[in-house]
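A.B. asks: The structure follows.
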Amino acid sequence: MKNTSMHVVHVPATSANLGPGFDTLGMALDIYNSVVFCQSDTLTIELETSNPNIPLNSQNLIYIAAKRTADLLGRALPPLYLKQYDHIPMASGMGSSAACIVAGIYIADTLLNLWLSKKQILDIATQIEGHPDNVAPAIYGGLCLNQNNNGDILTLQIPVKGDIAVCIAHPSFSLSTKTARKVLPHEIPMHDAIYNLSCIGLFTSAFYTQDYSLLPYALQDKLHQPYRKHLIKGFDQIIKIAHSLGAYGTCISGAGPSMLSFIKESQLDFFAQNFSEALKEISGNWSVIPSKINKNGAIVEKFNSNN
Ligand code: HSE
């Protein structure tokens, strides 16, 4: 292996949609995937833990994103050495694909000295992912509202202040985004679109004013959840349990099957412990991941064994 300097890129998990914001809203969570990388003689991909679903060849999503970035910029991508440290569960609605795509773009950016801006990275990532709601917070961190203008993405970072955090319920079964998008209708009734517009207004107001008592109304949705809930066994029970423990509201995290509850940060430990206990009673082997809304997006740094 050529001994070029080693770097590591860290990319956070993300939760998209957040109730009414289908393909529009997303936020970063406190869990990261990391990829150690450098130039090599041949493409070599190693995993920290074995996962038979991750290709170790040119079909690897991190490599695909790096190659696509190089191609778009008219540059040749050298062979890569990649070592993946994955902590984001795959096909779980927590942005694992977005994390791979963003990591790949940063890897190409670093090795080819492209000096891409975050906005350029976002546009490339959206082109690969198909929608900006996960990739934007994976790049910028925080809570992002995105508008896709034919591939030219406008991202607004919504301020996150006050006593607010989230808790993810994550089942042992997975659900691919492809499957979860197939069940969506091509058209929706006008009154459902109007309803979601009101929810988005309430959602952004809740964060700008820190009046989180609006969230139970803001987290409603008629665009995707009604069509997807049957894919998530336990959907109604989880909403009820979270509500009984004091959550502001609960929605599907991304395309699912994970479910995300907004709660008071001051009650994070209490909520997570009791939620975890209560979820043992329902099928699906659910585990609980409490998280603050992570203000940091992806970062690249020189790798040393302390990273
Ligand atoms: N907005 C996307 C969806 C997120 O719900 O299908 C998953 O990639």
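A.B. asks: For a distance above 24 Å, tell me the whole-number percent of Cα pairs in the stretch 165-291 that qualify.
C.D. replies: Taking all Cα-Cα pairs of the stretch 165-291, the fraction more than 24 Å apart is 30 percent.
A.B. asks: Also, quick follow-up: Please turn the phi angles of the stretch 228-238 into ³J(HN,Hα) values with the Karplus equation 6.51 cos²θ - 1.76 cosθ + 1.60 (θ = phi - 60°), one per residue in order, whole Hz, x for glycine and proline.
C.D. replies: 9, 4, 5, 7, 10, 5, x, 3, 5, 5, 5
A.B. asks: Turning to a different aspect of this structure: Could you tell me which trypsin sites (Lys or Arg not before Pro) in the stretch 71-141 are loop residues by DSSP with no more than 16 other beta carbons within 10 angstrom of their beta carbon?
C.D. replies: Passing sites in the stretch 71-141 are Arg75.
A.B. asks: Then there is this: Specify the residue with the greatest mean-square fluctuation among Leu80, Leu145, Leu184, computed from a Gaussian network of the chain linking alpha-carbon atoms under 10 Å apart.
C.D. replies: Looking only at Leu80, Leu145, Leu184, the largest GNM fluctuation is found for Leu184.
A.B. asks: Same structure, new question: Peptides 44-52, 168-176, 237-245, 91-99: what's the order by average Cβ count within 10 Å, highest mean first?
C.D. replies: Highest mean packing first, the order is 91-99, 168-176, 237-245, 44-52.
A.B. asks: Follow-up. Where in the stretch 210-307 are there GluC sites (Glu not before Pro) that are in a DSSP coil and have at most 13 other Cβ atoms within 10 angstrom of their Cβ?
C.D. replies: Numbers: sites: Glu265, Glu277, Glu281, Glu301; in loops: Glu281.
Hits after loop and neighbour filter: Glu281.
A.B. asks: Considering only the chain, what is the antiparallel percent among its DSSP beta bridges, to the nearest 5?
C.D. replies: Once the DSSP bridges in the chain are tallied, antiparallel ones form about 90 percent.
A.B. asks: From a point 7 Å beyond the Cα of Tyr85 in the direction of its Cβ, which residues of the stretch 106-145 have a backbone N at a distance under 18 Å?
C.D. replies: Counting backbone N atoms under 18 Å from the label point, the list is 106-107.
A.B. asks: Semi-axes, largest first, in whole Å: what does sqrt of 5 times each Cα gyration tensor eigenvalue give for the stretch 96-246?
C.D. replies: 29, 20, 17
A.B. asks: Determine, from the Cβ-Cβ distance of Asp41 and Asn285 and an R0 of 45 Å, the FRET efficiency 1/(1 + (r/R0)^6), rounded to the nearest 0.05. Spell out each step's value before the answer.
C.D. replies: Numbers: r = 43 Å, r/R0 = 0.95.
Efficiency computed from Cβ-Cβ geometry: 0.55.
A.B. asks: P(r) tail for the stretch 42-109, what percent of Cα pairs lie past 13 Å?
C.D. replies: Result: 63 percent of Cα pairs exceed 13 Å.
A.B. asks: Further question on the same structure: Find out how many positive minus negative residues lie around Pro290, taking Lys and Arg as positive, Asp and Glu as negative, among other residues whose Cβ is under 15 Å from that of Pro290.
C.D. replies: For residues surrounding Pro290, the net value is -3.
A.B. asks: For a quick check, take a GNM of the chain with Cα springs below 10 Å and name the residue from Met259, Met190, Met27 with the largest mean-square fluctuation.
C.D. replies: Judging by the Gaussian network model, the answer is Met190.
A.B. asks: What do you get when you divide the Cα radius of gyration of the chain by 2.2 N^0.38 Å, with N the number of residues?
C.D. replies: 0.99
A.B. asks: Give the lysines whose C-alpha is closer than 27 Å to that of Lys222, dropping any in the same chain fewer than 8 places away, or say none.
C.D. replies: Answer for Lys222, where 27 Å is the Cα cut-off: Lys178, Lys182, Lys233, Lys240, Lys264, Lys292, listed by chain and number.
A.B. asks: Most fluctuating residue of Asn146, Asn294, Asn53 in a GNM of the chain with Cα springs under 10 Å: which is it?
C.D. replies: Asn53
A.B. asks: Tell me, in nm to one decimal, what length is gained between Leu154 and Leu56 on full extension, where the rule is 0.36 nm per residue of separation less the Cα-Cα distance? Walk me through the intermediate numbers first.
C.D. replies: Working: separation 98, 0.36 × 98 = 35.28 nm, distance 3.40 nm.
Using 0.36 nm per residue and subtracting the Cα-Cα distance, I get 31.9 nm.
A.B. asks: Applying the Karplus parametrisation 6.51 cos²θ - 1.76 cosθ + 1.60 with θ = phi - 60° to the phi angles of the stretch 253-258, what ³J(HN,Hα) value in whole Hz is obtained for each residue in order, glycine and proline being reported as x?
C.D. replies: Using θ = phi - 60°, the values come out as 7, x, 8, x, x, 5 Hz.
A.B. asks: Seen from all sides and averaged, what is the projected area of the convex hull of the Cα atoms in the stretch 224-307, in nm²?
C.D. replies: The Cα convex hull of the stretch 224-307, projected and averaged over all directions, gives 7.7 nm².
None of the figures in this text is laboratory data; all of them are computed from the coordinates on show. All values reported here derive from a predicted model rather than from experimental measurement. So basically every Cβ, Gly included, is an ideal-geometry build from the backbone, and we count neighbours across all protein chains shown.
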